[in-house]
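The values are calculated or read from the model by the stated rules, or taken from the named source; none is laboratory data. Quick caveat, the model's predicted, so the values are computed rather than measured. For neighbour counting, all protein chains shown are included, and Cβ atoms are generated from backbone atoms with ideal geometry for every residue, glycine included. Accessible surface is based on the protein model in full, side chains and every heavy atom, while ligands, DNA and RNA are left aside. Shrake-Rupley method; radii C 1.70, N 1.55, O 1.52, S 1.80 Å.
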Amino acid sequence: MKKFTVTIAGGGSTYTPGIVLMLMENLDRFPLDEIILYDNNEERQRILGEACKIMMKERHPEVKFSFTTDPKEAFTGIDFVMAHIRVGLYAMRELDEKIPLKYNVVGQETCGPGGIAYGMRSIAGVLEVLDYMEKYSPNAWMLNYSNPAAIVAEATRRLRPNSKIINICDMPVALENIFAAILELDSRKDMIVRYYGLNHFGWWTSITDKAGNDLMPKLKEFVKEKGYAAETEDFQHRAQSWKDTYLKAKDVFALDPETVPNTYLKYYLYQDYVVEHSDKDYTRANEVMDSREKEVFGISKEIIEKGSAEGYTFSSGAHATFIVDLACAIAYNTKERMLLIVPNNGAISNFDPTAMVEIPCEVGSNGPEPLSMGTIPTFQKGLMEQQVAVEKLTVDAWIEGSYLKLWQALTLSKTVPSAAVAKEILDELMEANKGYWPELK
Ligand code: NAD
Ligand code: G6P
Ligand code: MN
């Protein structure tokens, strides 16, 4: 049986140890020769890398493990890149969130002006990792979580159309775990779903069991009362702010009881509520720095100090499972049905064929084969056309260095009330992002 080599790009990410653990747990179905961590931040990566190295040596000494900031070492002779980079780190995420909030506009990692600002930073970083992979391992696949996935996906579609990159999101997977719990199923894999939308902007239209029985009525009954506030929780979404988001899905659902919505739609449909319930001085970036980041780096430092990982573990959930499942589907041509971000190409028949959409695909050794989702109703189509234009204008702005296009992108975002407010936010974001964005004229 072939053994694979995986490079984790963004080796210093809070998600790295969870993915390393998940890879260890899946060695029987996805055997590994080697795991390599790659980051451009030596210090962050060294802490997580040393800790994972100790853990690997104790638990799976047969798998080689290393970490490096040298692209040639990191990307030579590999089969997969699992990428999750954050250009600008949490310090810049904090500004993405706080600057729009000053103007009473949603401050969010991937939605609205903050998401646009993050997109303008991420594109170059993701292209850099992709280019290294193609230079040193032209046959490898890049499975990319790096956000904002919608903008990153549009950029890679446009600028690297033939590259083996698949952009992914764990939100639908995490929500499907909750659906399965609500429906009293053992696993989300007992469901067959139909879903369409953009990343962080979509709807489930059908959920059945394997025999074809409709599970939507039972799910909707729950969502109508409680949103997604079920008894189960994923480590990633257990903070109070995430619980509020899960509850708010109830109000998003009310707008179209035919479908079941992605949680992120609250930022576009209840933007005033979101702003009112935000703390302008302490946003999600602060929460994560004080929780997930502290926890992951804290555990790692303890492991290094003790020289042993015995008794230690890292949180690892839907996020890590999904990317390992995807690698397996490609490696073994399993044709597993998965929600991925792919070019529309007619899959949603009444929507822009060049849009990057999130839809079910069958995944095999040649990558994703998108499934046809048919036509979509006026409400969703209108929302998606507006949002996809925001994402395309952002990529235009990045490619052309155009201030005007980026002003248009912010103005068109459903989270922003006027061109005047868009301009004020843009000017402040541009100043804060000096050195990260291409220069705009
Ligand atoms: P983090 O800041 O803890 O880690 C990101 C790491 O990327 C850092 O160590 C940083 O140094 C590194 N990095 C930045 N630019 C790089 C480059 N050009 N080359 C190599 N490494 C680089 O962030 P995190 O909270 O762990 O999140 C990581 C990423 O994963 C973010 O983009 C986040 O939004 C994304 N994410 C996406 C999903 C999804 O659904 N798509 C889910 C979870 C996380
Ligand atoms: C969800 C989304 C991701 C996002 C993650 C973490 O899983 O799909 O795109 O990055 O949440 O968000 P947080 O605010 O907890 O860092
Ligand atoms: Mn996501």
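At-a-glance table
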read-out	value
Reach of Lys57 by Cα under 13 Å, taken over aspartates and glutamates that are not fewer than 8 positions away in the same chain	Glu34, Glu310
Set of lysines near Lys189 by C-alpha distance (under 21 Å), chain-local residues within fewer than 8 positions excluded	Lys210, Lys218, Lys220, Lys335
The chain - accessible surface per residue (Å², probe 1.4 Å)	40
Given 15 as the ceiling on other Cβ atoms within 10 Å, longest exposed-site-free region of the chain for GluC sites (Glu not before Pro) in DSSP loops	311-438
Zero-based 10 Å bins, Cα pair distances in the stretch 62-109, whole percents	20, 31, 20, 19, 10, 1
Area projected by the alpha carbon convex hull of the chain, averaged over all directions, nm²	19.8
Length released on extending from Arg59 to Tyr312, taking residue separation times 0.36 nm less the Cα-Cα span	89.9 nm
Rg/Rg_ref, the stretch 1-116, where Rg_ref = 2.2 N^0.38 Å and atoms are Cα	1.27
Residue-wise HN-Hα coupling along the stretch 428-439, computed from phi with Karplus coefficients 6.51, -1.76, 1.60 (Hz; x: Gly, Pro)	6, 5, 5, 4, 5, 9, 3, x, 9, 8, x, 5
Under 5 Å, built H, 5+ apart or other chain: amide partners of Asp33	Phe4, Thr5
Protein accessible area in the chain, 1.4 Å probe - carbon and sulfur %	50
For the stretch 247-255, 3J(HN,Hα) per residue [Karplus equation, 6.51 cos²θ - 1.76 cosθ + 1.60, θ = phi - 60°, Hz, x = Gly/Pro]	5, 5, 4, 4, 6, 5, 4, 4, 5
Among Pro17, Pro343, Pro161: highest mean-square fluctuation, GNM of the chain, C-alpha pairs under 10 Å	Pro161
Accessible area of Phe75 in the full protein assembly, 1.4 Å probe (Å², nearest 10)	0
Built amide H within the under 5 Å cut-off of Ile165, gap 5+	Met142
Rounded to whole Hz, the Karplus (6.51, -1.76, 1.60) HN-Hα couplings of the stretch 143-159, x for glycine and proline	9, 10, 8, 3, 8, x, 4, 5, 6, 4, 5, 5, 5, 6, 4, 6, 9
With 10 Å bins from 0: P(r) over the stretch 209-336, alpha-carbon pairs, percent	10, 26, 31, 23, 9, 1
Distance in nm between pseudo-label sites at Thr76 and Asp209 (7 Å out along the Cβ direction from Cα)	5.4
Relative frequency of Cα-Cα separations exceeding 17 Å in the stretch 86-190, percent	61
Amide H contacts under 5 Å for Leu339, placed H, 5+ residues apart	Cys361
At 1.306 mPa s and 10 °C, Stokes diffusion of the stretch 229-284 via Kirkwood alpha-carbon radius, µm² per second	130
Tensor-based shape of the stretch 117-275 (alpha-carbon gyration tensor, a/c under 1.5 rounded, otherwise prolate or oblate)	prolate
